[in-house]
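Below is one structure; the comments refer to it alone.
The values are calculated or read from the model by the stated rules, or taken from the named source; none is laboratory data. All figures in this text were calculated on a predicted structure; none of them were measured in a lab. Reconstructed Cβ throughout: ideal geometry from the backbone, glycine too, with neighbour counts over all protein chains shown.
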Amino acid sequence: MKKTAGILIVLLAVAAVVLIFNRDREDSAPLTYIKSESTHSRFEITAGGEVIFTENIHIQNLGDTRLRFKVTGVYSDDFRQGLLTTERLNGYTGSDRREILELPAHTEQTFTIDFIGSQGTAAEKQDRNPPEEIVFSLVEGGEN
């Protein structure tokens with residue numbers, strides 16, 4: 001009886017993980033980061049130890065609806081080299097640091113995005129490349 005209950009719990013856990021990962025892939029599938037058309041613009045370390053990467057990120061919406069989303073830039077190399085305390089940085093746009101971007105259906109656009117994180121032990125960026133990867137998080141309604 002205990003063995004059957006244990007097997008059932010493991011199967012349910014595996015099914016939950018599969019559903020979660022499939023849902024995340026489907027939510028972001030219409031959005032594509034076009035790295036070849038994206039560029040690094042500038043790099044700054046503020047007096048308060050904030051690292052700001054300004055990037056021109058080209059994004060394509062392949063879906064049938066207007067999408068509202070947040071972006072996270074993956075900076076593995078700068079994290080490994082000690083410039084950043086985390087490898088994933090949240091993206092913001094505009095002087096008021098809006099987190100939510102919008103893109104109409106079947107369009108593409110280049111957004112100027114500031115990816116902001118905390119400085120580690122290093123003070124130099126290793127290259128002038130945009131992020132290796134962009135992670136998209138879809139947003140339902142709401143304010144910026």
- request: Please verify whether the range 68-87 includes one or more residues that are under 18 Å from GLU133 (Cβ atoms) and at pLDDT below 70.
  value: no
- prompt: Of the conditions (1) under 15 Å from PHE136 (Cα atoms); (2) in contact with an Asp or Glu (Cβ under 9 Å, 6 or more places away or on another chain), THR54 fails just one. Which one is it?
  reply: (1)
query: So which residues in the range 102-121 are among the small types (Gly, Ala, Ser), assigned to a loop (DSSP other than H, G, I, E, B) and more than 24 Å from SER36 (Cα to Cα)?
result: GLY120
- request: Would you mention how many residues in the range 74-89 are within 15 Å of the chain's Cα centre (by Cα), surrounded by 18 or more Cβ atoms within 10 Å (Cβ to Cβ) and in a strand (DSSP E or B)?
  value: 1
Filter result (over 12 Å from GLU133 (Cβ atoms), modelled with pLDDT of 95 or more and part of a helix (DSSP H, G or I)) within the range 20-41: SER36, GLU37
message: Suppose we filter the range 90-101 for residues that are assigned to a strand (DSSP E or B) and either in contact with an Asp or Glu (Cβ under 9 Å, 6 or more places away or on another chain) or buried (at least 17 other Cβ atoms within 10 Å of the Cβ) (or both); how many remain?
response: 5
